[in-house]
Structure formats: structure tokens, C-alpha cells
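The values are calculated or read from the model by the stated rules, or taken from the named source; none is laboratory data. Fair warning: this is a prediction, and the values are worked out from it, not measured in the lab. We place every Cβ from the backbone using ideal geometry, glycine too, and count neighbours over all the protein chains shown.
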Amino acid sequence: MEATSKEQLIKSIQKDTDNQQEVKYERKWYAIYTKSRCEKKIYTHLTDLGYTAYVPMRKELHKWSDRKKLIEVPMINSYCFVYLDANRERQKVFEAPGYVGFVSKDRHPVVIPEAEIEAMKKTVDSMLSVEIESRLLRKGKRVRILTGPMTGAIGVVENLTSKKVNILLTAIGVTMIVDLNDNVHFETVEDIED
């Protein structure tokens, strides 16, 4: 009788292992709202759990009466981006310190296109600017950037000057302002407004 119990236990464990191997994660990028000044805490918590997370940072010079110091601060306040399977792994994020909620639409987390995350990373890493071909760009035009630090990003031109372009990354509703000095080419995706 003991042999039967052991065999059943082994079969049960094998069945559980087989079921775990069949689970395939469909990881995508999501934006998380955080409490004020908790972006780094939630980033650390998520990476400690083994997730890929991203908080775009920039350096600012802070001055006190007795000293000056370069400090890294989030480029987008109260946002952290995480790469996970929202159906299977979202619950673990709820326990992160400073967690407020996922950026959602109709109660479902909004998927952030990989191109927008890559565009942010390239922009933050390079801090390069672009020279605009103004005949192609105008306010309200949806464009895909073909060259430069934001290659592949799709957004809506919100504002345009000879030195800067403001491009709204539509999935998260955040505008990235890029100083323009390197030659960057755009293609029109579609007109939003005329």
C-alpha cells in the first residue's frame, strides 16, 4: 500500500511540474503610478523580485547653503515601468512600497509599446537632439522617428520650435521634450488633426 501512495505522490508531483512547464508568460511593459518620491523604492522592490523595471532618470544639480550635489531624479514623476505578465504576475506588484495602481483603461492595465520604452531609454541615455524637417512635422501629426536616439518611437507632435520638439507618447500620455541638434528623420504615420 505504501508503494501505491509513493507512486501517486510521484505522479502528482510530475503532473504539477508538467503543468508549470506549460505555463508561458506573456510579458509586456506596463506603467505603474507610485506615491510621490517612491519611484526608486518600487524600482528596487521589483528588480529584487526578478522583474525588469525602468524609471527614466536625469541628473540635477541641487544646492544647499553649504554644498552642491548632482542628484538623480525621475524624469517622469510618480511613474515606474515594469515588464511582466499582467494576468499572472500583477498581484506581486501590489505589495511594492509606494504602489498606487497600474495605468489602466476600462479597468485593464494599459500595455506600453516596447518602442516607447526603448525611445525613452535612448533619449535618456544619449540626451541627443535632432534637427527637424519642419515641412514633415506639425502640431497634431502622428509620426514615427526613423533615426536618432528615439528611433522607432511613435508619438504625436504637440509642439515644435527650431530647437525642440515635444512628442506625446500616447500609450502613457507623457510628453518627451527633446533638444534638437542631430539630424533625425521622421515619417508620417497618420494625421491626428489638420
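Being at pLDDT below 75 and under 16 Å from the mean Cα position of the chain (by Cα) is a property that does not hold for Met127.
Yes/no per residue for (1) in contact with a His (Cβ under 7 Å, 6 or more places away or on another chain); (2) crowded, with 16+ Cβ neighbours inside 10 Å:
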{"position": "Lys35", "(1), (2)": "no, no"}
{"position": "His45", "(1), (2)": "no, yes"}
{"position": "His62", "(1), (2)": "no, no"}
{"position": "Lys69", "(1), (2)": "yes, no"}
{"position": "Pro74", "(1), (2)": "no, yes"}
{"position": "Asn77", "(1), (2)": "no, no"}
{"position": "Asp85", "(1), (2)": "no, no"}
{"position": "Phe94", "(1), (2)": "no, no"}
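Filtered by the rule that a residue be touching a strand residue (DSSP E or B) at 6+ places or on another chain (Cβ under 9 Å) and outside any helix (DSSP H, G or I), the range 105-126 gives His108, Pro109, Val110, Val111, Ile112, Pro113.
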